[in-house]
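This report refers to the structure that appears directly beneath it.
The values are calculated or read from the model by the stated rules, or taken from the named source; none is laboratory data. These numbers were taken from a predicted model, which means no experiment stands behind them. Cβ atoms come from the backbone with ideal geometry, glycine included; neighbour counts cover every protein chain shown.
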RNA sequence: GCUCCCGUAGCCUAGCCUGGUUUGAGCGUCCGGCUGAUAACCGGAAGGUCACCGGUUCAAAUCCGGUCGGGAGCACCA
């Protein structure tokens, strides 16, 4: 049976009720169970980092997932929809540090690693719960009671297993390299963890006096603090260098620099003239020995120490001679290796000088710049000193400037499996195609070995144990771990507890775990099997793996798309997904990234509170192609709400009258109604089938914006603005002879509303549920329904063309009326449709007459002869002539309709029910009364008046004076006693 | 320097793959209308060098090449 919906679309309240309905009736669980025999479909959720609050981008992300999952369920699939959360890592650690008031690793260790890790864990879980509530409010249906969490022991075991596979295949190695380092977090950082912005730094040229000569090599640097670690000077073998004599502010100098840089160098040194004394190539300089800028006591003298070496990365800028500190520069490190220079790195993990450089021991490196420069200056070695603004890297979490440092780290040898990864990119389906063929491919081609170790606490512990004898063991399961000393059943595998587990080495020594934890980017890379309980159980993997579909924002090209690809190739020699969809970001209205510091953040929860989650979802989806970034405009949610509100109004209209007439949708079928359909009903059915076809095609091609636009167009144009307008009269017709015709319109209206609800269900799960429940849906929830496939046999192109022509003529008539000052309420005498297209229009004769409000329509081959009151207009496939002559009959009908309109307004103002009867008394000028005489019966019928009389002083419950066509009319209305 | 995406009205965009009426919508603005869906709704008007230049073609917003601008990523940043 049909239940009337509440008159106003109050989405926030309605949605809360639906959430409550879902919750207390276990609708989600029942829907999942409903499909348990369907085809298995492994959807894999990319785990959001537990920040505690869902931003618009995350909302879009989960909305896309929810839409597709609901759609697949409607298509009968048994979708695995476990959500995930990324819960380890530096971001949580940094927040916890702030919370408990510590600022360094040393303080954390004093606080106790165990306490610290437990705090991180509890903190992350709390944030996860906050986010879960927000996702639920947005209508996202996932298995919220059973998320995979990267902090779970089972998840950790899966990561260990993957690393042990990597080790077994020679893809996990320890290496000594120069890497980006955060001195505050005291850990290595990956390139992805570095944020760049401008920083003011020294820009200095320093003289390195050549041993046994009167000249100096001139180098340029922006990091004076690396000078104590200088071990060589690099020159390009083919560049041309010059020995030049200069008269500088610091006195007469002889320097060796790149010849082409002489002018710049001289300018920096405050000298206008110079003389070139000699020329040489870089190769000629090789082996030239110089005095290091700082005396470093412990530095072992080797063959190439403090000599000019050759390197072809040297560029033709600055002095052309590059200060080389193998402990602090990736290139320097490589050069050092080539020349047998052991990296000298007198800087600790905390970014302070060690006793390796006693002069500055204990001082922060960047803070030592000035003192070092002063020292150089006092010795006459500072050739020039300036400041430079340049892009500099910073730690993504604590914003400290990063430094380069030479350390031991563990690497996944991505460079060894690059070929396989690229093959897999080709095999996987990417949406859009270029996300894979260009973007992901481009990233993988340029990828370097992946440094997966971090010197921190809150993360998956590196499962590597080492013995002093050089023996290494990589643990791949808890079962293997249980063989260790110090293992206890059910122990938390996090630090510090895991650090207490040791293994007996074959040499008799003790194997101790390497203290590092994993880069959090590695965590989520193994989600595809970690969530399935692998490796401790294999059923899940065999049943579900690999993931059929994943979808994330484009930043995951180098994040999750990549980490999964690498982990998948390592573990299973394939990409762990079949289809990857990429989506864009939600930016602010100017196209800038939303961020707290910019103060331009829009909170999805506010939108849900304001216009409802359905409107929020709909506006995000319809705004743009999913893979494009969207500049969020504040009117977007309001516009989306307008679409849903219009739909709601249609349902309100339909449910009101169907309810009054006791219409039972289950008593009719398309077949049984077929004899009663009017052509406009068949037109509406045709439009409905086309809409379903379009929405389905768009869902299959992941063009969700097109699906939304089809729905919007259907609801606004076809259903609301046209069909409802057409069927109004039929809806309130009364009497036995109109029942069949009315039922045909009800059936069609109901069919349209229900199909719209079904097609809308994945996108706007709340309003569709509410409508379904009120319009006689037979299942407990619309989300258990099957997808409403379309019937091509019901699509009638000819009928649609006819209707389009009629709509066009109605628009023309309306436009011409406006020009002529003729209200739609006043009937027109006639219109003439000229041209061969008349036949098309004729199908909808009645519709045209009614909607344009014309008394007569004539189809003619040629334009009628011109006369007064006849106006002609051309349209797409013909012409229309409108006869604006006002006859007494037309004037009478116009008056009648004006009066009807006023009485209806009064009924409404009096809050009468649609079914109530009234009595009317009307006072008007004699001429008007005369004209209306023949219309009294019609007026009475339209306004449900039992008695309608003209008199001099009208009375009633409500009396009002109106101005109609320059004359005064007084109308009195009373509710009639029944 | 390299790669990718984007550029259509004041704003946000459709159309581009697959060339073909006068480039469509929405928002905003102005004017009007309608109203037994009504704290709604509808119509009309103004507003476009389809970023620019060149090419292919009978025909280019659409295909090709280049330029400029915006964004993202890579490399570099001693």
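Looking at the range A:911-943, which of its residues are within 20 Å of residue A:963 (Cβ to Cβ) and not in a strand (DSSP E or B)?
Kept after step one, since they are within 20 Å of residue A:963 (Cβ to Cβ), are these residues of the range A:911-943: A:920-932, A:935, A:939, A:943.
Result: A:924, A:925, A:926, A:927, A:928, A:929, A:930, A:931, A:932, A:935, A:939, A:943.
Answer yes if at least one residue in the range A:109-126 is part of a loop (DSSP other than H, G, I, E, B) and crowded, with 17+ Cβ neighbours inside 10 Å, and no otherwise. Show your work before the answer.
Just the residues of the range A:109-126 that are part of a loop (DSSP other than H, G, I, E, B), to begin with: A:112.
The next check asks that each one be crowded, with 17+ Cβ neighbours inside 10 Å; those that pass are none.
Checked the range A:109-126: no residue is part of a loop (DSSP other than H, G, I, E, B) and crowded, with 17+ Cβ neighbours inside 10 Å.
Just the residues that are more than 9 Å from RNA strand B (Cβ to nearest atom) and over 13 Å from residue A:945 (Cβ atoms), please, taken from the range A:895-909.
A:895, A:909
Identify the residue in the range A:179-204 that is within 11 Å of RNA strand B (Cβ to nearest atom) and buried (at least 23 other Cβ atoms within 10 Å of the Cβ) and, among all such residues, is farthest from residue A:103 (Cα to Cα).
Looking at residues that are within 11 Å of RNA strand B (Cβ to nearest atom) and buried (at least 23 other Cβ atoms within 10 Å of the Cβ), I get A:204.
Select from the range A:804-833 the residues that are at pLDDT 85 or above, over 48 Å from the mean Cα position of the chain (by Cα) and not in a loop (DSSP other than H, G, I, E, B) and list them in ascending order.
A:828, A:830, A:831, A:832, A:833
If I go through the range A:453-471 residue by residue, how many of them are more than 16 Å from residue A:152 (Cα to Cα) and touching a residue at least 24 places away in the same chain (Cβ under 8 Å)?
11
As an exercise: evaluate residue A:722 against (1) within 13 Å of RNA strand B (Cβ to nearest atom); (2) touching a residue at least 24 places away in the same chain (Cβ under 8 Å); (3) over 30 Å from residue A:943 (Cβ atoms) and give the number of the one condition it does not meet.
(3)
Please state which one of A:27, A:100 is without any contact (Cβ under 8 Å) to a residue 24 or more places away in the chain and in contact with a helix residue (DSSP H, G or I) (Cβ under 8 Å, 6 or more places away or on another chain).
Just a single option satisfies the conditions, and that option is A:100.
Are any of the residues in the range A:586-600 under 30 Å from residue A:42 (Cβ atoms), at pLDDT below 90 and buried (at least 16 other Cβ atoms within 10 Å of the Cβ)?
yes
Taking the conditions exactly as written (part of a strand (DSSP E or B), more than 11 Å from RNA strand B (Cβ to nearest atom) and touching a helix residue (DSSP H, G or I) at 6+ places or on another chain (Cβ under 8 Å)), does residue A:151 satisfy them or not?
Here the answer is no, as residue A:151 does not meet what is asked.
Is it the case that residue A:626 is farther than 30 Å from residue A:914 by Cα, touching a helix residue (DSSP H, G or I) at 6+ places or on another chain (Cβ under 9 Å), more than 9 Å from RNA strand B (Cβ to nearest atom) and outside any helix (DSSP H, G or I)? Outline the logic, then answer.
On the way: farther than 30 Å from residue A:914 by Cα: yes; touching a helix residue (DSSP H, G or I) at 6+ places or on another chain (Cβ under 9 Å): yes; more than 9 Å from RNA strand B (Cβ to nearest atom): yes; outside any helix (DSSP H, G or I): yes.
Against the criterion (farther than 30 Å from residue A:914 by Cα, touching a helix residue (DSSP H, G or I) at 6+ places or on another chain (Cβ under 9 Å), more than 9 Å from RNA strand B (Cβ to nearest atom) and outside any helix (DSSP H, G or I)), residue A:626 qualifies.
Six or more apart or on different chains, Cβ atoms under 8 Å: show the pairs whose first residue is in the range A:401-413 and under 12 Å from residue A:514 (Cβ atoms) and whose second is within 14 Å of RNA strand B (Cβ to nearest atom).
Going by the 8 Å Cβ cut-off, the qualifying pairs are A:409/A:177; A:409/A:179; A:409/A:451; A:410/A:451.
Return only the number of the condition from (1) on the phi > 0 side of the Ramachandran plot; (2) touching a helix residue (DSSP H, G or I) at 6+ places or on another chain (Cβ under 7 Å) that residue A:525 does not satisfy.
Answer for residue A:525: the failing condition is (1).
Scan the range A:835-860 for residues that are more than 50 Å from the chain's Cα centre (by Cα) and at pLDDT 85 or above and jot them down.
A:854, A:855, A:856, A:857, A:858, A:859, A:860
I'd like to check something: does the range A:695-705 contain any residue that is under 30 Å from residue A:851 (Cα atoms), out of contact with any helix residue (DSSP H, G or I) (no Cβ under 8 Å at 6 or more places or on another chain) and either surrounded by 19 or more Cβ atoms within 10 Å (Cβ to Cβ) or without any contact (Cβ under 8 Å) to a residue 12 or more places away in the chain (or both)?
Checked the range A:695-705: no residue is under 30 Å from residue A:851 (Cα atoms), out of contact with any helix residue (DSSP H, G or I) (no Cβ under 8 Å at 6 or more places or on another chain) and either surrounded by 19 or more Cβ atoms within 10 Å (Cβ to Cβ) or without any contact (Cβ under 8 Å) to a residue 12 or more places away in the chain (or both).
Being touching a strand residue (DSSP E or B) at 6+ places or on another chain (Cβ under 6 Å), surrounded by fewer than 16 Cβ atoms within 10 Å (Cβ to Cβ) and within 24 Å of residue A:242 (Cβ to Cβ) is the requirement here; does residue A:315 meet it?
When the stated conditions are applied, residue A:315 does not pass them.
Could you say which residue among A:972, A:872 is farther than 22 Å from residue A:824 by Cβ and assigned to a strand (DSSP E or B)?
Testing whether each residue is farther than 22 Å from residue A:824 by Cβ and assigned to a strand (DSSP E or B) leaves just A:972.
Any idea how many residues of the range A:632-689 are assigned to a helix (DSSP H, G or I) and either within 12 Å of RNA strand B (Cβ to nearest atom) or touching a residue at least 40 places away in the same chain (Cβ under 8 Å) (or both)? Spell out how you get there, then give the answer.
Residues of the range A:632-689 assigned to a helix (DSSP H, G or I): A:636-660, A:665-667, A:670-673, A:679-689.
Those left that are additionally either within 12 Å of RNA strand B (Cβ to nearest atom) or touching a residue at least 40 places away in the same chain (Cβ under 8 Å) (or both): A:636-660, A:665-666, A:670, A:673, A:679-689.
Qualifying residue count for the region: 40.
So, in the range A:207-227, of the ones that are part of a strand (DSSP E or B) and within 10 Å of RNA strand B (Cβ to nearest atom), which residue ends up farthest from residue A:443 (Cα to Cα)?
Filtering first and then ranking leaves A:219.
Kindly evaluate residue A:364 against the criterion of being out of contact with any strand residue (DSSP E or B) (no Cβ under 8 Å at 6 or more places or on another chain) and surrounded by 15 or more Cβ atoms within 10 Å (Cβ to Cβ).
no
Which of (1) crowded, with 20+ Cβ neighbours inside 10 Å; (2) part of a helix (DSSP H, G or I); (3) under 39 Å from the mean Cα position of the chain (by Cα) is the odd one out, the single condition residue A:716 does not satisfy?
(1)
Does residue A:315 satisfy the condition of being farther than 16 Å from residue A:227 by Cβ, within 16 Å of RNA strand B (Cβ to nearest atom) and in a helix (DSSP H, G or I)? Reasoning before the result, please.
Details: farther than 16 Å from residue A:227 by Cβ: yes; within 16 Å of RNA strand B (Cβ to nearest atom): yes; in a helix (DSSP H, G or I): no.
No; evaluated as a whole, the condition is false for this residue.
Check A:942, A:968 and return the single one that is within 28 Å of residue A:820 (Cβ to Cβ), touching a helix residue (DSSP H, G or I) at 6+ places or on another chain (Cβ under 6 Å) and either assigned by TED's automatic domain parsing to the domain that holds residue A:855 or at pLDDT below 85 (or both).
A:942
Please work out which residue is modelled with the highest pLDDT, limiting yourself to the range A:771-792 and to residues that are over 14 Å from residue A:18 (Cβ atoms) and part of a helix (DSSP H, G or I).
It comes out as A:784.
Restricting the search to the range A:65-95, which residues are modelled with pLDDT of 95 or more, assigned to a helix (DSSP H, G or I) and within 23 Å of residue A:452 (Cα to Cα)?
Result: no residue meets the conditions.
Report yes if residue A:593 is out of contact with any helix residue (DSSP H, G or I) (no Cβ under 7 Å at 6 or more places or on another chain) and within 16 Å of RNA strand B (Cβ to nearest atom), otherwise no.
Considered against the rule, which asks whether it is out of contact with any helix residue (DSSP H, G or I) (no Cβ under 7 Å at 6 or more places or on another chain) and within 16 Å of RNA strand B (Cβ to nearest atom), residue A:593 comes out as yes.
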